[in-house]
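The values are calculated or read from the model by the stated rules, or taken from the named source; none is laboratory data. Small disclaimer: the values here were computed from a predicted structure and weren't measured. Ideal geometry is used to build each Cβ from the backbone, glycine not excepted, and the neighbour counts take in all protein chains shown. All accessible areas refer to the heavy atoms of the entire protein, side chains included, with ligands and DNA or RNA removed. Shrake-Rupley method; radii C 1.70, N 1.55, O 1.52, S 1.80 Å.
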Amino acid sequence: MLKITIAGRPNTGKSTLFNALTGTRDALVHDRPGVTRDTIGGVVKNRPWEIFDTAGLESARGELEKNSTDMALDAISSSDAVLFVVDGRVGLTSADTEWARLVRRKTRAPVLLLVNKSESGRRMADTHEFYKLGFGEPIMISAEHKSGFDAIYEFMDKIAGDTENNIDTNTNEKKLKIAILGQPNVGKSTLVNRVLGQTRQIVMDAPGITRDTVKIPTNFYGRDIILMDTAGLRRKAGVRDDVETLSALKSLDAIEKSDVVILVVDATRNIENQALGIASRVYDAGKILCVALNKWDLVEPEIRDEKLLKLKHQFTNSFHQIIKPMILAISAETGMGVRNMFRRVYEQWDISNTDAPTSLINRIIEKLIDARQPPMSRLKRPMKIKFARQTGRHPMKITINVGGASDIPESYTRYLRRGLATELHWEHLPIVIEYKKDDNPFD
């Protein structure tokens, strides 16, 4: 797949261009420069091209800026083409010239010079000066209004040639999507880097480093997956500005777009209510949840058993949708338990994609009813459970036809859910039971 990198100094509209080309809102967009920190990947809409949004190229004022720029330069050096974006309203700057020179040193790939924010000619600077960058004719575009994109597509079509015309642009959609969620500074990006075997995400001992939800296709432990590294979720009282609010919303949106969520918690600290709140969102969305107890190697050996038991008890009592929460101890820093965790996640995903035979479900239901009869309804009418079948996945959904009284109490539903989960090996999966009233007048 053709790899394209969007590059340029901060606040030239790179993330807006990325979102426009991919038809998504994956890249965080804000007027403040330097919002993008990691390299974000996506697929160009209706084209077989992989595209990357990078952090703004800037002289390193500190470790964070240096790491962001280094990652951007790495993406540039490994790409097949570069879209170099400048700000048409501001005009040519010394920073543009400096980074254009560096891009030419980093890659021999063709570069298309895009003069963004060109929707109003009256506000434009002298575009002829951009020829000084050495990338040929500057192309006028407006990423916000999606104008001038024909030149981009023509440029890419020329590079791609006819050999990629039959590539399936939906390849990524078939891969298992795993979102990494958690509060700030619990080790999410460290876990992502551990899985990738390289420093792809910025890791620093400070909260709030990751801002975007970064989707990274990879192969780990024998399976093609898409990792989704997200911004840290903190309590509302700790949110300081609108950028952090937008980051948090993107993290929560990642739950809906994922198949599996790995909730990373810091094993050296007590589990906060917010972690339980995140878990609740995951279960309500019908997703598979794995709680990763990170930094387990730093927990004193004599208290590990007690800590693990307490945490499992806390999750079991908080959520009726799940029978047995999947809580695994790992160390993203050393790699301890990471492969085993993904093996368990893959197993649960495979189970969740199967349909249980209807005959088996009904045998289980009959067995459960024989062991414990449904209670009488409020009107003292008997409840008749007639027929059950699986009607959905993600969450696993069981529909039960009932006659007579239909107001089956939640306590009995939990009993049936637990019994079905145990017999069908669905203990780690969210399960929904719904009742369908049988309106047979001769019942």
Among the residues of region 323-360, the number that are in a helix (DSSP H, G or I) and either in contact with a helix residue (DSSP H, G or I) (Cβ under 7 Å, 6 or more places away or on another chain) or open to solvent by 30 Å² or more (accessible area, probe 1.4 Å) (or both) is 12
Just a yes or no: is a residue in region 420-432 assigned to a strand (DSSP E or B) and modelled with pLDDT of 90 or more? yes
Looking across region 174-197 at residues that are open to solvent by 20 Å² or more (accessible area, probe 1.4 Å) and either within 12 Å of the chain's Cα centre (by Cα) or among the hydrophobic types (A, V, I, L, M, F, W, C) (or both), the single one that is farthest from Thr230 (Cα to Cα) is Leu196
Run down Ala206, Ala231 and say which single residue is modelled with pLDDT of 65 or more, more than 21 Å from Ile327 (Cβ to Cβ) and in a loop (DSSP other than H, G, I, E, B). Ala231
For Ala100, indicate whether it is open to solvent by less than 30 Å² (accessible area, probe 1.4 Å), assigned to a helix (DSSP H, G or I), of a type in the set (A, V, I, L, M) and out of contact with any Lys or Arg (no Cβ under 9 Å at 6 or more places or on another chain). no
